[in-house]
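Reading through the structure tokens given below for one structure.
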Amino acid sequence: MKEFYININLKLYYSSILIIIILMSMGLFIGNPRMGELGVGYSWHIVLFVVLSACLVLYPRFETQIFRMIIILVASSYFYLIFFLYPETWSTFIFLCFIPAISIFFFDSKLFYFSLILNSLSITAAFSYIIFIDQGKIFPQIKIDLLGNIANFVGSQIILYLIFYLSSIRIQKLKTYYEQIQHQERLKTTGQLAAAVAHEIRNPLTVVQGFLQLYTEDVSFNPDVKRNFSLMMEELKTAEHVISHFLTFAKPDNEKKLNTIDVKDVLQNVTDILYSYGLLHDNKIEVNVLEDCYVVANIIEFKQLITNLVKNAVEASKIGETVFVQAEKIKDYVEIRIIDSGRGMSELEVKSLGTPFYTLKSKGTGLGLMICYQIVEKYHGTIHFQSILDEGTTVILRFPNP
Ligand code: ADP
Ligand code: MG
């Protein structure tokens, strides 16, 4: 399918280029007043025509920024040359106004601003030449109404800027939307798959656990062997714990009680719990809630969300570093930020967050964030990670204000 579209696009591209080359060569060879003279200007016209045509034909093979820049420079030189070479053809001025439009086709903002600035400088130089050196001999129409011509030029550049700006915003929005859909789809399918596997594993685990329990009570086993049994039971309990934890969240459950939660209380409560469990390796947590912030959610789930995120922040931090937890009311939502200056993540790592069992920790389960994503989605909130490798991470949670 993709190849089919590429072929169609290429066909369209080459057909358009063919038409452009035919039009340019018509300008060169049909009724051209400079053709018979074979002067320097006309020779330059031929050279730039050949170079520009070659660039346009070769472009699909070298889609690099440098090549795009070369095309813009060659095209600018071409249009300015024909402007000065054929003053009787007043309409070449229109081409000068629309040179930056070429870079719109490349959808490259740097290149667009580059050509906009380059074109404004070039037109200033061209107009200065016409007014001060040529004094309107070859371009009387520009000198007669200089202000009108400048206004037309500036107007055309503003129109081009608006076209570029609006279409790039739209493309950006589409891109973000597409990425979100992709992310959600991946979470959904992997989540379902993982839930199915977890469910199937739970049954045999229960059977093994039951038998081990029986054997521990059996006097015929010697105490040394029995010690291993309790170790095995411990491990099975951990596995069981992970699985039930996972399954309660993999299952949609809308019957949980909703509370209007005072965010400040929960943040304080969660940090107290983390302190008392000794989970903080000499790290401090600084809570800062600016205003009365409330969120409507099930309090157990909300605590679980904050606990997971703060725990991750602490685990990513080096010993002694502080994790900041802040909350404030912004317009009609409550924003909670969990900020650490720990190991941070690369762009690729951030993209994988929330995928079940994605973990970089030796003892991690990779379920924490998956659960966080589900809780946030359930209460119509958003979660966003800003992270720089080796510098730290900021998690931004937003919930509608009740
Ligand atoms: P776990 O904590 O069990 O590994 P999570 O789903 O909570 O599972 O996190 C998944 C992974 O995301 C972590 O292993 C870690 O690599 C990364 N991560 C999450 N939060 C942070 C953070 N604040 N800083 C750096 N990495 C993080
Ligand atoms: Mg975690």
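Things to note:
- Based on DSSP H segments of at least four residues, each scored -39500 (n - 2.57), the chain has a per-residue ellipticity at 222 nm of -21500 deg cm²/dmol.
- Rough spin-label spacing in nm, given labels placed 7 Å along Cα→Cβ, for Lys318 and Ile181: 4.4 nm
- Shown is the FRET efficiency for Val242 and Leu18, computed with R0 = 45 Å from the Cβ-Cβ distance and rounded to the nearest 0.05: 0.10.
- With Rh defined as the Kirkwood radius, the inverse of the mean 1/r over Cα pairs, the Rg/Rh of the chain is 1.22.
- Exposure proxy order (Cβ contacts within 10 Å, fewest to most) of Phe399, Phe105, Phe114: Phe105, Phe114, Phe399
- Signed unit charges on C-beta, dipole axis of the chain, positive-most listed residue Pro140, Ala239, Gln182: Pro140
- Seen against the Cα atoms of the chain and their longest principal axis, helix 223-250 is set at about 40 degrees.
- Dipole size of the chain about its Cα centre, with +1 on Lys/Arg Cβ and -1 on Asp/Glu Cβ: approximately 1000 debye, rounded to the nearest 20.
- Cα point-scatterer Debye curve for the range 188-250, base-10 log of I(q)/I(0) at q = 0.20, 0.24, 0.27 Å⁻¹: -0.76, -0.93, -1.07
- Rounded tilt (10° steps) of 368-378 against the dominant C-alpha axis of the chain: 70 degrees
- Straight-distance candidates among the lysines for linking to Lys11, with alpha-carbon spacing under 25 Å and chain neighbours fewer than 8 residues away dropped: Lys2.
- Rough spin-label spacing in nm, given labels placed 7 Å along Cα→Cβ, for Ser167 and Val225: 7.8 nm
- The calculated FRET efficiency for Glu377 paired with Trp44, based on their beta-carbon distance and R0 = 51 Å, is about 0.20.
- Taking the C-alpha atoms only, the angle from helix 40-58 to the longest principal axis of the chain is near 30 degrees.
- Taking label points 7 Å from Cα along the Cα-to-Cβ direction, Phe385 and Asn401 give a separation of 3.0 nm.
- Peptides 301-314, 46-59, 194-207, ordered by how many other C-beta atoms sit within 10 Å of their residues on average, highest first, read 301-314, 46-59, 194-207.
Read-outs throughout are calculated quantities, based only on the coordinates presented, and are distinct from any laboratory measurement. As the structure is a computational prediction, the values presented were derived from the model and not from experiment. Cβ sites come from the backbone with ideal geometry, for glycine too, and all protein chains shown count toward neighbours.
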